[in-house]
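The values are calculated or read from the model by the stated rules, or taken from the named source; none is laboratory data. Bear in mind the structure is a predicted one, so any value in this text is a computation, not a measurement.
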């Protein structure tokens, strides 16, 4: 009963069923049965999503200004390159492919 409560609390807090399984050892199908019995909706819109902290977003922009690619930035800050690109687009800082290729060629790096 304690394990069920803990697993459902993690799910309500925004963890995915796979994350709950990794953290608690409760198989995803079991969690889904418990979720339905508890009346918790499966709608992902109702669950919280992890946010990238402001200092990390600032670091992403600074690294981008130094000429690093989203893949290189992601490797440095521990985020996927798509997440890095998302934050750069939100800041209006996403380079075009031709700009990125030109910078990478100039620095002797491979883009992508």
message: Among the residues that make up segment 5-14, is at least one of them modelled with pLDDT under 90 and in a loop (DSSP other than H, G, I, E, B)?
response: yes
message: Residues that are assigned to a helix (DSSP H, G or I) and at pLDDT 90 or above: does segment 38-56 have at least one?
response: yes
